[in-house]
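> Submitted below is the structure of interest, expressed as structure tokens.
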Amino acid sequence: MTDSVSCSHILLMHAQSDRSTAERTKEEAETQINELKAKIADGGDFAELAREHSDCPSGKDGGELGTFGKGQMVKEFEDAAFAMEVGETSDVVETDFGYHLIQRTA
């Protein structure tokens, strides 16, 4: 098992998320993240969708988070990231910060 992974992500916050400035409801965020998941499954460009939609500052970089080890991300995010193969995109992952789509890049 690997000690570190590299990932990109798309984060959609909602009004109830930790540190959120988003005004969308939790239900609106969930609907939107599922729409983005479908676009990616249909061949949409993950980085471009991150630039257009992600609420994380990493969105401007196509969602690139770089390399991180265990214990550096919240548990739900970490569990998903370390469970994927390189090139794989996660299902929707919910954390206290909102809804994520994660793509493992290395």
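The values are calculated or read from the model by the stated rules, or taken from the named source; none is laboratory data. If you're wondering where the values come from, they're calculated on a predicted model, not measured in any experiment. Using ideal geometry, Cβ is built from the backbone for each residue, glycine included, and neighbour counts are taken over all protein chains shown. Heads up: the accessible areas ignore ligands, DNA and RNA and are worked out on the full protein's heavy atoms, side chains in. Shrake-Rupley method; radii C 1.70, N 1.55, O 1.52, S 1.80 Å.
> Scan the range 66-84 and report the pairs whose first residue is more than 18 Å from Phe97 (Cα to Cα) and whose second residue is hydrophobic (A, V, I, L, M, F, W, C) and open to solvent by 80 Å² or more (accessible area, probe 1.4 Å), with Cβ atoms within less than 8 Å and a gap of 6+ or a chain change.
Once the first residue is more than 18 Å from Phe97 (Cα to Cα) and sits in the range 66-84, its partners that are hydrophobic (A, V, I, L, M, F, W, C) and open to solvent by 80 Å² or more (accessible area, probe 1.4 Å) give Phe82/Met1.
> For the range 68-106, which positions are open to solvent by 30 Å² or more (accessible area, probe 1.4 Å), among the β-branched types (Val, Ile, Thr) and either at pLDDT below 95 or within 13 Å of the chain's Cα centre (by Cα) (or both)?
Matches in the range 68-106: Val74, Thr89, Val92, Thr105.
> Which number in (1) under 11 Å from Tyr99 (Cβ atoms); (2) open to solvent by less than 70 Å² (accessible area, probe 1.4 Å); (3) of a type in the set (S, T, N, Q); (4) in a helix (DSSP H, G or I) marks the one condition that Ser58 misses?
(1)
> List every residue pair whose Cβ atoms lie under 9 Å apart, where the two residues are 6 or more positions apart in sequence or sit on different chains, the first residue falls within the range 24-38 and is in contact (Cβ under 8 Å) with a residue 60 or more places away in the chain and over 14 Å from Thr89 (Cβ atoms), and the second residue, located anywhere, is outside any helix (DSSP H, G or I) and open to solvent by 70 Å² or more (accessible area, probe 1.4 Å).
These pairs meet every condition: Glu30/Glu94.
> Next question, about the same structure. Collect the residues in the range 11-38 that are assigned to a loop (DSSP other than H, G, I, E, B), touching a His at 6+ places or on another chain (Cβ under 6 Å) and of a type in the set (A, V, I, L, M), keeping them in residue-number order.
Answer for the range 11-38, where residues must be assigned to a loop (DSSP other than H, G, I, E, B), touching a His at 6+ places or on another chain (Cβ under 6 Å) and of a type in the set (A, V, I, L, M): just Ala22.
> Of everything in the range 39-48 that's without any contact (Cβ under 8 Å) to a residue 60 or more places away in the chain and either under 20 Å from Gly98 (Cα atoms) or part of a loop (DSSP other than H, G, I, E, B) (or both), which residue is least open to solvent (accessible area, probe 1.4 Å)? Spell out the reasoning first.
Looking only at the range 39-48, we keep the residues that are without any contact (Cβ under 8 Å) to a residue 60 or more places away in the chain, and these are 39, 41-48.
Filter again for either under 20 Å from Gly98 (Cα atoms) or part of a loop (DSSP other than H, G, I, E, B) (or both), leaving 39, 42-48.
Details: Lys39: 105, Asp42: 136, Gly43: 65, Gly44: 30, Asp45: 87, Phe46: 12, Ala47: 33, Glu48: 74 Å².
Here the answer is Phe46.
> Now, a different point. Residues in the range 21-33 that are within 15 Å of the chain's Cα centre (by Cα) and open to solvent by less than 70 Å² (accessible area, probe 1.4 Å): how many?
Residues of the range 21-33 within 15 Å of the chain's Cα centre (by Cα): 29-33.
If we keep only those that are open to solvent by less than 70 Å² (accessible area, probe 1.4 Å) as well, we get 29, 33.
Residues meeting the conditions: 2.
> From the set of residues in the range 83-97 that are small (Gly, Ala, Ser) and part of a loop (DSSP other than H, G, I, E, B), which is farthest from Leu36 (Cα to Cα)? Step through it out loud before you land on a result.
Kept after step one, since they are small (Gly, Ala, Ser), are these residues of the range 83-97: 83, 87, 90.
From what's left, part of a loop (DSSP other than H, G, I, E, B): 87, 90.
Working: Gly87: 17, Ser90: 12 Å.
Step by step, filter the range 83-97, then rank; the result is Gly87.
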